[in-house]
Amino acid sequence: MKVLLISTWFPYPPTQGSKTRAYYLLRALASQHEVKLLSFEDVPVRPEWHEHLMAYCRGVEVVPRAPFARSLRGRIRGWLSPEPSAVVGGYSPEMDEAAQAATRAWKPDTVVALTFVAAPYALRVDTARRVLDLDNLTAEMLADEGTLARSPLRRLRLRMASQKFARYEARLCQAFDLALVTSRRDSARLHARTDLPAARIGVVPNGVDLNHFLPGNEPIDPSRLVFTGAVTYEPNFDAVQFFAKEILPSIRAEVPEATLSVTGGTEGASVDRLARIDGVHFTGFMEDLRPMVRTCAACVVPLRRGGGTRLKVLEAMALGTPVVSTAKGAEGLELESGRELLVEDSPDRFARAALRLMKNPRLRAEVAERALERVRREYGWEQIGGRFLGQLEEVRNARLVTQ
């Protein structure tokens, strides 16, 4: 089967969640099918990155434009449109033409759009089966943002944006043969606000590379906690701020030497005040964060915002490091709180959960062992890639029956 893959993010290197998902779905496709990749250029693409993907693809074309770039004219059009501003204002004629040219030259059997940003260009390919991968339900994310907004005006704007996106996502999914989400929870949400039959909503969870993220034998520092992720992403910044200001002081009251290491980029984020809080350290982007994570007593995921499922949870578990998370941070993952991770939402209870792992080596080992077993059983990218390919095959067979 010939598959045209249109990606919002250049899917290599897999340095953040959406890029990681794109990369491993591409690899799954390439294991059994011919793949051509069209991608926006979210960051300047190095020649070696392009060469790496060419090992999997029949062709790799990059449209030299950031996926969310919007001119002033585009912004105004977006504000006035009944469609979401990010869709209307960010429309790219260059990507449209690239998708059309690839279709004329290559005649793909299937086109896969990664996120709503890539979807409009896939819809222009009317000669192929069409699959949409929604790594996040944007309407749900905006609704969550609205509940946390302090300004009444911002709450109103976010509520209106959420409603607009809910209508758009429903119409969008109707135009695709298959819509993919990352969890059964998102599947139920999408089904509730669309007329799509269950067969046209698939679940392909996020995963972890079990050959790369492996437990080690580094000594564990029971006073050390880690948060993995760039604080340039607003939900991550909010999580670190919440932890540093409302949770860490309670932990340090009992373990004065306790520290939080925050990995990931900080460019453009206002981290100066947070960096001055006792015990908080920003490492900046790390090429390999595995050794650090393996030495920590726990990986903390105090997220209150965002969508999809968190790869940081799965990666820590695969490394043998136990996780303390909010319900939002563990959302969509089929994990059992109290056994495979600890889930708490209030600052005091979150601090108590972290302290339990820091002070109790036996509990730490038991939680880590059960988590590792679950990840190996259900969340390896190889297993997930197989599920993804199976769902594409079902779409192909259904289309053949109706022809």
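The values are calculated or read from the model by the stated rules, or taken from the named source; none is laboratory data. These numbers come from a predicted model, not from an experiment. Heads up, the Cβs are rebuilt from the backbone with ideal geometry, glycines too, and the neighbour counts pull from every protein chain shown.
Quick check on segment 193-215. Is at least one of its residues among the aromatic types (Phe, Trp, Tyr), within 21 Å of Leu389 (Cα to Cα) and buried (at least 20 other Cβ atoms within 10 Å of the Cβ)?
Step one: of segment 193-215, the residues among the aromatic types (Phe, Trp, Tyr) are 213.
Still in the list and also within 21 Å of Leu389 (Cα to Cα): none.
Scanning segment 193-215, I find no residue that is among the aromatic types (Phe, Trp, Tyr), within 21 Å of Leu389 (Cα to Cα) and buried (at least 20 other Cβ atoms within 10 Å of the Cβ), so the answer is no.
In segment 214-228, what count of residues is obtained for those that are of a type outside the set (Val, Ile, Thr) and in a loop (DSSP other than H, G, I, E, B)?
Selection size over segment 214-228: 6.
In segment 312-333, which residues are more than 20 Å from Asp348 (Cα to Cα) and not hydrophobic (A, V, I, L, M, F, W, C)?
Result: Lys312, Glu315, Gly320, Thr321, Glu331, Gly332.
Under the condition of being among the charged types (D, E, K, R) and in a loop (DSSP other than H, G, I, E, B), which residue from segment 1-50 is surrounded by the most Cβ atoms within 10 Å (Cβ to Cβ)?
Asp42
When you look at Ala298, is it assigned by TED's automatic domain parsing to the domain that holds Arg362, among the small types (Gly, Ala, Ser), assigned to a helix (DSSP H, G or I) and crowded, with 20+ Cβ neighbours inside 10 Å, yes or no?
When the stated conditions are applied, Ala298 does not pass them.
Which residues, taken from segment 187-213, are among the hydroxyl-bearing types (Ser, Thr, Tyr) and either without any contact (Cβ under 8 Å) to a residue 24 or more places away in the chain or in a helix (DSSP H, G or I) (or both)?
Passing the criteria: only Ser187.
How do the pairs read when you match residues in segment 156-171 that are over 18 Å from Ile201 (Cα atoms) with residues anywhere that are surrounded by fewer than 16 Cβ atoms within 10 Å (Cβ to Cβ), using Cβ under 7 Å and keeping only pairs 6 or more apart or on different chains?
Listed pairs, sorted by first residue: Leu158/Ala149.
Report, by residue number, each residue of segment 18-54 that is in contact (Cβ under 8 Å) with a residue 12 or more places away in the chain and more than 22 Å from Leu392 (Cα to Cα).
The answer is Phe40, Glu41, Asp42, Val43, Val45, Trp49, His50, His52.
Would segment 198-212 turn up any residue that is under 27 Å from Trp381 (Cα atoms) and in contact with a Cys (Cβ under 6 Å, 6 or more places away or on another chain)?
No, segment 198-212 contains no residue that is under 27 Å from Trp381 (Cα atoms) and in contact with a Cys (Cβ under 6 Å, 6 or more places away or on another chain).
It is to be established whether one or more residues within segment 231-250 are more than 17 Å from Glu145 (Cα to Cα), free of Cβ contacts under 8 Å to residues at least 40 places away in the same chain, surrounded by fewer than 18 Cβ atoms within 10 Å (Cβ to Cβ) and touching a strand residue (DSSP E or B) at 6+ places or on another chain (Cβ under 8 Å).
no
Kindly indicate the residue of segment 346-370 that is out of contact with any strand residue (DSSP E or B) (no Cβ under 6 Å at 6 or more places or on another chain) and among the small types (Gly, Ala, Ser) and also nearest to Asp221 (Cα to Cα) among those meeting that condition.
In this case the residue turns out to be Ala365.
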